[in-house]
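What follows is one structure encoded as structure tokens, with my remarks underneath.
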Amino acid sequence: MERARVIIADDESIILMDLREMLTNLGYLVVGEAGDGRSAVNLARELKPDVAILDIKMPYMDGIEVARILTEEKIAPVVLLTAYSQHDLVERAKEAGVVGYITKPMRESDLAPAIEVAMARFSEFRALEKEVGDLKQALETRKLVDRAKGILMDTQGLTEAEAFRKIQKMSMNKRKPMKDVAEAIILAHQTQEQ
């Protein structure tokens, strides 16, 4: 099994050192470290880690803002590490897409579950996003095929089933997706009308 690649960010070097040691003991591969938010974003964009563990309070950009960017850009799931558990910070973290939250002082035993859950959730989000994209594409194809069927029914006096079969047959004969065939029928019809 490949070791999960982690970046860590905290403005306290002693915390970074302890965190690196704990993660290494747990079998994770620390691929980058940052002492401020801006550097953490740049590191994540460059290294594309499996997970980012970030302190909330950092110079230039706080961990929540970094988490928002990493989530929007779909780079990596974020686990926040913080001494603060105020309600407003937790709310901001949720809105930013943070998938894990560990309060200091951290224990090695807290890290692995938070990291594993964060990576699993991120993987699920990606799968759902792909599924939504596939469904949108299928719906778009269906709309185009329905429109093309209507054109064939009107112009060639075909039944709906015959029009569909014709589009399907053209798709197979030309080795083109039905969406492309439907678009071609629609375009040809629009050109004839002009």
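Looking across the stretch 92-144, the residues that are closer than 16 Å to residue 68 by Cα and outside any helix (DSSP H, G or I) come down to 97, 98, 99, 100, 101. Scan the stretch 84-99 for residues that are without any contact (Cβ under 8 Å) to a residue 24 or more places away in the chain and either among the small types (Gly, Ala, Ser) or touching a Leu at 6+ places or on another chain (Cβ under 8 Å) (or both) and jot them down. Hit for the stretch 84-99 is 85, nothing else. Exactly one residue out of 69, 8 is at pLDDT 90 or above, under 17 Å from the mean Cα position of the chain (by Cα) and not acidic (Asp, Glu): that is 69. Considering the stretch 161-194, and only residues there that are assigned to a helix (DSSP H, G or I), open to solvent by 100 Å² or more (accessible area, probe 1.4 Å) and of a type outside the set (A, V, I, L, M), the residue that is nearest to residue 139 (Cα to Cα) turns out to be 165. Contact map, the stretch 2-31: first residue within 17 Å of residue 114 (Cα to Cα), second residue acidic (Asp, Glu) and assigned to a helix (DSSP H, G or I), Cβ cut-off under 6 Å, separation 6 or more or different chains; pairs are 22/108. Candidates are the residues of the stretch 112-153 that are in contact with a strand residue (DSSP E or B) (Cβ under 7 Å, 6 or more places away or on another chain) and open to solvent by less than 30 Å² (accessible area, probe 1.4 Å); the one that is farthest from residue 22 (Cα to Cα) is 118. In the stretch 72-92, what residues are within 12 Å of the chain's Cα centre (by Cα) and open to solvent by less than 10 Å² (accessible area, probe 1.4 Å)? Once the filter is applied, which keeps residues that are within 12 Å of the chain's Cα centre (by Cα) and open to solvent by less than 10 Å² (accessible area, probe 1.4 Å), the stretch 72-92 yields 76, 77. Do we find that residue 31 is modelled with pLDDT of 90 or more and within 18 Å of the chain's Cα centre (by Cα) in this structure? The answer is no for residue 31.
If you go through the stretch 93-102 and keep only what is touching a Phe, Trp or Tyr at 6+ places or on another chain (Cβ under 8 Å) and either surrounded by fewer than 15 Cβ atoms within 10 Å (Cβ to Cβ) or farther than 21 Å from residue 12 by Cα (or both), you end up with just 99. For residue 170, the criteria (1) closer than 28 Å to residue 50 by Cβ; (2) without any contact (Cβ under 8 Å) to a residue 60 or more places away in the chain hold in every case but one, which is (1).
The values are calculated or read from the model by the stated rules, or taken from the named source; none is laboratory data. Keep in mind it's a predicted model, so treat the numbers as computed, not measured. When we count neighbours, we look across all protein chains shown, and the Cβ atoms used for this are built from the backbone with ideal geometry, even at glycine. Just so you know, the surface numbers come from the protein's heavy atoms only, side chains and all, with ligands and any DNA or RNA stripped out. Shrake-Rupley method; radii C 1.70, N 1.55, O 1.52, S 1.80 Å.
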